[in-house]
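Notes follow the structure.
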Amino acid sequence: MGLQAFVSRRLVTSEGVRSGAVLAEDDQIRAVVAPASIPSNCAVEDFGNAALLPGLVDSHVHINEPGRTEWEGFRTATRAAAAGGYTMLVDMPLNCVPATTNVSALTAKRTAARDQCWVDWASWGGVVQGNQSEIAALATAGVLGFKCFLVHPGIEEFTMVRESDLRAALPLVAQTGLPLLVHAELPGPVNAATERLRNADWSRYSTYLESRPDEAELQAIRMMLSLCREYGFRLHIVHLATAKALEDLKAARKEGLPVTVETCPHYLHLEAEKVGDGETQCKCAPPIRGHKNRELLWQGLREGMIDFVVTDHSPCPPAMKRFGAANFLDAWGGIASLSMALAVMWTEASQRGFTLPDVARWMSEKPAQLAGCEARKGRLAEGCDADMVVFDPEAEFTVTEARLHHRHPISPYLGQKLRGVVKRTYLRGKLVFQDGTFFGEPLGREFRQ
Ligand SMILES: [Zn+2]
């Protein structure tokens, strides 16, 4: 393919918003130029007043294939991603079977992904009890980093790690230079609260919220910061839900510890006071906390204590949400939001005075840095892949099942009116999604360094 110019009056780069064009050839961005500098010999797509953002990067997705394809899968997750403006996903090492805790499981994942992906993808590897000997091999085989749980993850094939397990694994993780992503809740406070609430009414959201106290996150984060100081590995806290940990994280950064933090759209949009009893579509762990906490998370994002925002897309079949029983204890914890995350974020961010470059930094540039793919992903800049999303920030819409695109149309956002519509998504220069329709073949491939 020859040189193409993608023109917008609102081009979103790290430097800000301006009128200009992305010049792309083959897979790559050759230059970002002012309108007057568009060469006369190239094909032009003019998006007018619609914004042009870098394709979003989601470093926290549960694709669940192979092994739990009835929950989600490469085809459905990557379609939802393309519809949501994402062009790169990094898959968590669970809830697929086998879990991605050794090289043969990674090979099985690659086989499962073949010819199914609408966007690019890569894998995190798992750190579980007893798999220290796999860590170096997984890094060599191409995982972008590692993930562990400090609390039971809700499935049996992926074991949580205790401090002793971490002490065995951390020197090896540090040697790879790759980040360790940590689900930071300690079982002590969770188990004690759950036991205390054994006879409580589990159809009530307040019971579930009480069963996963802030203290579980806070203690876990303190333990991880201390281990980070000791072993010097790159620590990343996934889905921060409590604002109470922000002070500790601020101090850790000031001290120079290599720690980064993410949160998710649901923690920044939903609030415990408005989750109705039985609404298990809002169950996730750590839980959605109260209004005041939500505002403090926004403050953390504003101050840069929270680095970025990812979906933690984690779907399941409808039966597992236990809607009939309305049981928060047994229901699967996970929210799927690949197709809606940008609109959810923009709805909230634009009301708080944030701009499109802020959103692009949180949802594209920074997650790409965590995954180590920032030389090719996460920015509209020369040398990057021509991954782009055309976004109408003024348009509003109501969330319907038809707009979700992941396997099972369950979402806490159904029926909500959101601001900002993904008009088109381009993967490496090729149109893959436009106005509700997918184009061409699934051209997504694994990102390799
Ligand atoms: Zn997750």
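Structure summary
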| quantity | calculated |
| --- | --- |
| Solvent-accessible area per residue, Å², over the chain with all protein chains present [probe radius 1.4 Å] | 36 Å² |
| Within straight-line cross-link reach of residue 244, lysines at Cα separation under 22 Å, skipping those fewer than 8 residues along the same chain | 254, 274, 283, 292 |
| Loop trypsin sites (Lys or Arg not before Pro), the stretch 389-449, which have at most 16 other Cβ atoms in a 10 Å radius of their Cβ (DSSP) | 445, 448 |
| Check: the stretch 130-258 dipole with +1 on Lys, Arg Cβ and -1 on Asp, Glu Cβ, in debye | 320 debye |
| Cα-centre dipole for the stretch 149-222 with unit charges at Cβ (Lys and Arg positive, Asp and Glu negative), debye to 20 | 100 debye |
| Inter-centroid distance (Cα atoms) of the stretch 207-225 relative to the stretch 165-184, Å | 20 Å |
| Size of electric dipole in the stretch 290-379: Cβ of Lys, Arg +1 and of Asp, Glu -1, about Cα centre, debye, nearest 20 | 100 debye |
| For the chain, the longest site-free run once GluC sites (Glu not before Pro) in DSSP loop states with at most 13 other Cβ atoms within 10 Å are removed | 157-302 |
| Within the accessible area of the stretch 332-449 (1.4 Å probe), percent carbon and sulfur | 45 percent |
| Angle between the chain longest axis and helix 74-83 axis [Cα atoms, degrees, rounded to 10] | 60 degrees |
| C-alpha long axis of helix 341-351 to longest principal axis of the chain, angle in ° | 90 degrees |
| Nearest 10 degrees, 0 to 90: helix 187-196 Cα axis against the chain principal axis | 60 degrees |
| The stretch 68-109 versus the stretch 1-42: alpha-carbon centroid distance in Å | 32 Å |
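The values are calculated or read from the model by the stated rules, or taken from the named source; none is laboratory data. All figures in this text were calculated on a predicted structure; none of them were measured in a lab. Note that each Cβ is placed from the backbone with ideal geometry, even for glycine, and that neighbours are counted across all protein chains shown. SASA here: full protein model, heavy atoms, side chains in, ligands and nucleic acids out. Shrake-Rupley method; radii C 1.70, N 1.55, O 1.52, S 1.80 Å.
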